[in-house]
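What follows is a structure written as structure tokens; I'll ask about it next.
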Amino acid sequence: MERKHAIFPARVGIIFLTPAILFVIVFLLYPFVRVFLLSFTNQTLLGTTAPNPEFVGLDNYRHLFNPDRWMRLGEFGSALKITTQFVVGSALIGQAGMGMLIAWAFYRKRGVLREVVFTLVILAWIIPETVVAFTWVAFLDWEFGTLNSVLETVGLGRPDWLFERPLQSIILFNSWRGTAFSMLLFSGALETIPPSYVETAEVVGATAWQKFRDIFFPLLRGHILTDLILITLWTFNVFTPFLLTGGGPAKRTEVVSIYTYRTAFMGRHEFGKGSSIAVVMMLINLGLALIYLASIRRRRAT
Amino acid sequence: MTQIIFEHVVKRFGSVTAVNDVTLTVGDGEFVALLGPSGCGKTTTLRLIAGLEFADEGRILIGERDVTRLPPRARDVAMVFQDYALYPHMTILENIGYPLKVRGVGKQERTERVAEVAQQLQIGDLLDRRPGQISGGQQQRASVARAVVHQALCFLFDEPLSNLDAQLRLEARAFLKHLQHELGVTTVYVTHDQAEAMALADRIVIMNYGRVMQIGAPLEVYRRPANTFVASFIGSPPMNLLAGTIDLARGLFRLNGQEPGIDLSALFGRLNGKLTDGQTITLGVRPEHLTPQVEPSPGAIPAQVYAVQPMGGEVLIVVRVAGKLVSVRLFRDEPPDLPHEIWLVPDLNVSYAYDADGNLLQ
């Protein structure tokens, strides 16, 4: 039997934990309970239901999932669909795909080019959200934008990106923005593969694709799963597209986070409805988080 | 016919010249060991053959073909790595069959060929296991099987036995030698273990600082090391090297100018005309070519007994000669009863003189 030596007596440990627990209660647990309760009321910020909210049961949820209208633009179903497209396009394909390509391209390579590429990709990731959002607004601007200046010079016209292709624009933006995480995770994971594995494959004559399919992919499967779940979680909740498109035009880029914000904090400030969206989002996030934790546990077990 | 030919090959890493003007020929079916201390360029030489590194200068030929610029997969060689490089996510069957899979051999034929090779290497009943589920010795065999299975032009081994414990290493050594004889495939084998090189190879290439120090059959390099580096690297314990000056007229050799000199006139006679009076030379004598005696004589070297080590079939006596430790090997099981002060008589027929640069005088 291994005896466990505590550094501090348990009582001291509780003192250390107290501040963290307090913060969690005040800023996480209490709001969560409050939102959960609010989601069963018709509480608003203004009007008669502001001082005297009524209990409405599952009305808010029924409204969200009302099959007659929920897929219309500006409704919950539509927001979920747009969010899914946004997650698949920008996180799973954009960030994970590009991250893997860059990590793979610079596998076991050193040099200036690698440093430059890595630095730029990481810069895009660490610059504050509002700053990058406004640089992208400037970049995509119809009249003065860098992109259109370049396109026009080479004779490709002058599309109004945020108006004509709003979803593609925010997908491109978010791919650019968040590739660093996947790139770092994959390049770290690649480093753990012994060089002799790759060299053996090279000597027996494997092509680049065969090396990827037979050696890198199976050995990185756990890392890839981790990455996909994490970036899905983050992208699902990301709010930055609001700074580029405001959810528009015509709610065509209204992802769930923007839909929640618009419902609860704009227009009629419907706190009750907004809360019900937040609860559903929370459940989806919980589901993803549980899959993530289960995948980690399974990886540890093998 | 698979010869491997190096013509003035140079490989640099930044300011370090890892392989410095290496020229050598590995004959068809020959087993050649590249031997040297770490950093001597032996592994780089092997990787140059495999195409995992590319030569900066010179030419490399495998068979009749100039492969200097060809990528690994165009060279048709098989390589076994020190860590075996078995893929943990594949079974032993899939691992051994991987070179065939890459070449587009069908599953049926693949399984048959793997089973055949595995049988030959006595790992036939492990094929559905994963590398993590078999012992180090079995992993080693599996990685050799993967090299054997695709009938490459030559085998390249990069210290394949150094991850095994001493007992298994001896076993695997015999197994590898037997296998290579059976298959008759040209083999280049990198090791830092001189005993391994001696035991396995038809010829040994001894390297230091990227240069070839000597090439020869094991006994040849053991008996007549071409320089003091080879002398001090081959043999366990290695050749004794004693520096001193010579008095040509009286046929004497003086260790650190010690009097009286040791009579080496027989050796000097053999090197007639190669020596100058007062020259500093290094005398090289194998431990088994020194005979201890209890009385002084003109050709004997004075020594003090330092430690006597019975080894079973032989006795190793370490003595002090002019401040340096010198090994003496006696092929007997019982240690002799020696006084502290003894004299050693070198067998001058099998002793050599090296010049100040360490090169053999002959």
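The values are calculated or read from the model by the stated rules, or taken from the named source; none is laboratory data. Keep in mind that what you see is a predicted model, and the values were worked out from it rather than measured. Cβ sites come from the backbone with ideal geometry, for glycine too, and all protein chains shown count toward neighbours.
With respect to A:Asp227, determine if the residue is away from every other protein chain (no Cβ under 14 Å), at pLDDT 85 or above and either surrounded by 14 or more Cβ atoms within 10 Å (Cβ to Cβ) or touching a Gly at 6+ places or on another chain (Cβ under 6 Å) (or both).
Numbers: away from every other protein chain (no Cβ under 14 Å): yes; at pLDDT 85 or above: yes; either surrounded by 14 or more Cβ atoms within 10 Å (Cβ to Cβ) or touching a Gly at 6+ places or on another chain (Cβ under 6 Å) (or both): yes.
Yes; evaluated as a whole, the condition is true for this residue.
Still on this structure, please answer the following. Within segment A:113-123, is there a residue that is part of a helix (DSSP H, G or I) and farther than 30 Å from A:Lys211 by Cα?
yes
Just for segment B:96-114: of the residues that are exposed (fewer than 13 other Cβ atoms within 10 Å of the Cβ) and part of a loop (DSSP other than H, G, I, E, B), which one is nearest to the other protein chains (Cβ to nearest Cβ)?
The residue in question is B:Gly104.
Something else: For residues in segment B:22-34 being of a type outside the set (A, V, I, L, M, F, W, C) and in a strand (DSSP E or B), which is farthest from the other protein chains (Cβ to nearest Cβ)?
Among them, the one singled out is B:Thr23.
Just need a number here: residues in segment B:49-64 that are within 14 Å of chain A (Cβ to nearest Cβ), among the aliphatic types (A, V, I, L, M) and part of a loop (DSSP other than H, G, I, E, B).
Count: 1.
Which of the residues that make up segment B:35-48 are within 14 Å of another protein chain (Cβ to nearest Cβ) and either of a type in the set (S, T, N, Q) or buried (at least 23 other Cβ atoms within 10 Å of the Cβ) (or both)?
B:Thr43, B:Thr44, B:Leu48
Let me ask something else. Among (1) in contact with a Gly (Cβ under 9 Å, 6 or more places away or on another chain); (2) within 12 Å of chain A (Cβ to nearest Cβ), where does B:Val67 come up short?
(2)
Another question, if that's okay. Out of A:Asn237, A:Asn174, which single residue is of a type outside the set (Ser, Thr, Tyr), more than 14 Å from chain B (Cβ to nearest Cβ) and surrounded by fewer than 20 Cβ atoms within 10 Å (Cβ to Cβ)?
Criteria check complete, one pass: A:Asn237.
Further question on the same structure: Out of segment A:67-82, which residues are out of contact with any Ser or Thr (no Cβ under 8 Å at 6 or more places or on another chain) and either surrounded by 13 or more Cβ atoms within 10 Å (Cβ to Cβ) or under 22 Å from A:Ser257 (Cβ atoms) (or both)?
A:Arg69, A:Leu73, A:Gly74, A:Glu75, A:Phe76, A:Gly77, A:Ser78, A:Ala79, A:Leu80, A:Lys81
It is to be established whether one or more residues within segment A:58-66 are in a strand (DSSP E or B), surrounded by 14 or more Cβ atoms within 10 Å (Cβ to Cβ) and not charged (D, E, K, R). Spell out the reasoning first.
Within segment A:58-66, the first condition is being in a strand (DSSP E or B), and the residues that meet it are none.
No.
One residue is enough: does segment B:128-138 have a residue meeting the conditions among the basic types (Lys, Arg) and not in a loop (DSSP other than H, G, I, E, B)? I'd like the intermediate steps shown before the answer.
Here is the first cut: in segment B:128-138, the ones among the basic types (Lys, Arg) are B:129-130.
The next check asks that each one be not in a loop (DSSP other than H, G, I, E, B); those that pass are none.
For segment B:128-138, residues among the basic types (Lys, Arg) and not in a loop (DSSP other than H, G, I, E, B): absent.
Anything in segment A:67-93 that is of a type in the set (A, V, I, L, M, F, W, C), in contact (Cβ under 8 Å) with a residue 60 or more places away in the chain and assigned to a loop (DSSP other than H, G, I, E, B)? List them, or say none.
Answer for segment A:67-93, where residues must be of a type in the set (A, V, I, L, M, F, W, C), in contact (Cβ under 8 Å) with a residue 60 or more places away in the chain and assigned to a loop (DSSP other than H, G, I, E, B): just A:Leu73.
Return the residue satisfying two criteria in turn: it lies in segment B:334-362 and is more than 31 Å from the chain's Cα centre (by Cα) and not in a loop (DSSP other than H, G, I, E, B), and of such residues it is surrounded by the fewest Cβ atoms within 10 Å (Cβ to Cβ).
For segment B:334-362, the residue satisfying everything is B:Glu341.
In addition: Give segment A:178-224 a look and list any residue that's within 11 Å of another protein chain (Cβ to nearest Cβ) and among the polar types (S, T, N, Q), or say none.
If the condition is that a residue be within 11 Å of another protein chain (Cβ to nearest Cβ) and among the polar types (S, T, N, Q), then A:Ser196, A:Thr200, A:Thr207, A:Gln210 are the ones that fit.
If you scan segment A:56-102, which residues turn out to be among the basic types (Lys, Arg) and more than 23 Å from the chain's Cα centre (by Cα)? Outline the logic, then answer.
Within segment A:56-102, the first condition is being among the basic types (Lys, Arg), and the residues that meet it are A:62, A:69, A:72, A:81.
A:Arg62, A:Arg69, A:Arg72, listed by residue number.
Can A:Gly247 be described as under 19 Å from A:Tyr61 (Cα atoms) and crowded, with 18+ Cβ neighbours inside 10 Å?
Taking the combined requirement at face value, the residue does not satisfy it.
Give me the residue from segment B:216-275 that is small (Gly, Ala, Ser) and under 28 Å from the mean Cα position of the chain (by Cα) and, out of that set, surrounded by the fewest Cβ atoms within 10 Å (Cβ to Cβ).
Once the filter is applied, the top-ranked residue is B:Ser236.
Suppose we filter segment A:140-169 for residues that are crowded, with 16+ Cβ neighbours inside 10 Å, assigned to a helix (DSSP H, G or I) and either in contact with a Ser or Thr (Cβ under 6 Å, 6 or more places away or on another chain) or not hydroxyl-bearing (Ser, Thr, Tyr) (or both); how many remain?
Number of matching residues: 7.
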